[in-house]
Ligand SMILES: Nc1ncnc2c1ncn2[C@@H]1O[C@H](COP(=O)(O)OP(=O)(O)OP(=O)(O)O)[C@@H](O)[C@H]1O
Ligand SMILES: [Mg+2]
């Protein structure tokens, strides 16, 4: 097929010339690292982290840091930002390497080390070629040490979402390499987790070799969330956002726990909703729709990810709710229905006690609500269970699981 390209670029009405709503949507991408002037309320964290890494700028050892904080509190952003600045500030003659590993993706020791080596190795300088896969873990470590020695005085390695790694020995081996005389280059690790107890649970040997300082990131308040979004308003075309859009997105995200990721997601999605609806501006109603959508997604994720026994438990509640006028049911009644489902699906039947634990856990996750009712001195205390979301929606979500589908093929 050939095209007549002689006419150069033409304004073809089939395609829009620019986006009606967004001017630069990249500013609202989660991995985007905004410049210092767009980072809100993290001056103290930035300067504390910089202090820990200061050694690297002068060619001696940076300290290891463990960063904790709930989701969307700027941990990844601040770490990347400070590392970039350390690299730029490195004194003449000092070479700093920076590598970012997302442990959700590279979640085994071999993958993480292979990925680190590939990212840090500049083949034209080192003459080392690193195969992406196929080598043993120890070979990758050897290549990593060689690569580091050939290029850097120090490196800073960000291990993001470290709690998702299936083995903590990476922390130990990286911290011991210099001490064990394996390399000449100093290594600083920034390990990030949203599980506060992460370090308590790692292996003792790892704990003793990974000497580190800790930094905690607090959630944002509604004002900070608003400012974070105002700082990225230029993601949208001029005058596209009506004045309530940012404050409302901030209010929703503050309700969650002060999560900047959520705030930015709601804002971006509100823009998409407005675009799909053919609206001239992004308005409050688009933010509300965007928020509802986010809630449904979160809920679907929870139910989809639940273990099979929990799905059978929830399915029992949906059957009861859809076949009666009530919406709350005594645990014993839910258990009877659960037993029928397990029989039908040929599943193990848990004891009443374990069954109660599942209900409690689902209540903790916000899928079920449990209410205590007191039936007087003779009757004692009973628990009533109710689904928080629409039972029809819960049922549809559960039946997306192929193991549960036999329930409807009667
Ligand atoms: N202080 C801030 N100023 C400007 N933008 C911010 C700030 N904090 C977070 N953001 C933005 O919010 C989003 C989420 O931040 P980030 O990814 O750093 O959170 P996190 O703490 O690493 O969360 P998680 O634990 O879920 O990985 C990103 O788009 C980031 O750019
Ligand atoms: Mg993160």
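The values are calculated or read from the model by the stated rules, or taken from the named source; none is laboratory data. Keep in mind that what you see is a predicted model, and the values were worked out from it rather than measured. Don't worry about glycine lacking a Cβ; one is built from the backbone with ideal geometry, like all the others, and counts go over all protein chains shown.
Of the residues in segment 32-78, how many are outside any helix (DSSP H, G or I) and either near ligand 1 (Cβ under 9 Å from one of its atoms) or closer than 11 Å to residue 190 by Cβ (or both)?
Number satisfying all stated conditions: 19.
Answer yes if at least one residue in segment 89-96 is at pLDDT below 95, more than 16 Å from ligand 1 (Cβ to nearest atom) and in a helix (DSSP H, G or I), and no otherwise.
yes
Yes or no: segment 171-190 includes at least one residue that is within 16 Å of ligand 2 (Cβ to nearest atom) and either under 28 Å from residue 218 (Cβ atoms) or in contact with a strand residue (DSSP E or B) (Cβ under 9 Å, 6 or more places away or on another chain) (or both).
Scanning segment 171-190, I find at least one residue that is within 16 Å of ligand 2 (Cβ to nearest atom) and either under 28 Å from residue 218 (Cβ atoms) or in contact with a strand residue (DSSP E or B) (Cβ under 9 Å, 6 or more places away or on another chain) (or both), so the answer is yes.
All but one of (1) more than 30 Å from residue 261 (Cβ to Cβ); (2) surrounded by 12 or more Cβ atoms within 10 Å (Cβ to Cβ) hold for residue 363; which doesn't?
Status for residue 363: all satisfied but (1).
If a residue has to be within 16 Å of ligand 1 (Cβ to nearest atom) and surrounded by 20 or more Cβ atoms within 10 Å (Cβ to Cβ) to count, how many in segment 261-289 make the cut?
Qualifying residue count for the region: 10.
Could you please give the count of residues in segment 142-164 that are in contact (Cβ under 8 Å) with a residue 40 or more places away in the chain and under 21 Å from residue 96 (Cβ atoms)?
Selection size over segment 142-164: 11.
Looking only at helices (runs of 4 or more DSSP H) that fall completely inside segment 259-335, which ones have 2 or more residues that are over 28 Å from the mean Cα position of the chain (by Cα)?
308-322
Of these, 155, 199, which one is in contact with a strand residue (DSSP E or B) (Cβ under 8 Å, 6 or more places away or on another chain), farther than 30 Å from residue 275 by Cα and buried (at least 21 other Cβ atoms within 10 Å of the Cβ)?
155
Could you figure out which of (1) surrounded by 15 or more Cβ atoms within 10 Å (Cβ to Cβ); (2) outside any helix (DSSP H, G or I); (3) away from ligand 1 (no atom under 16 Å from the Cβ) isn't true of residue 133?
Checking residue 133 against (1) surrounded by 15 or more Cβ atoms within 10 Å (Cβ to Cβ); (2) outside any helix (DSSP H, G or I); (3) away from ligand 1 (no atom under 16 Å from the Cβ), the one that fails is (1).
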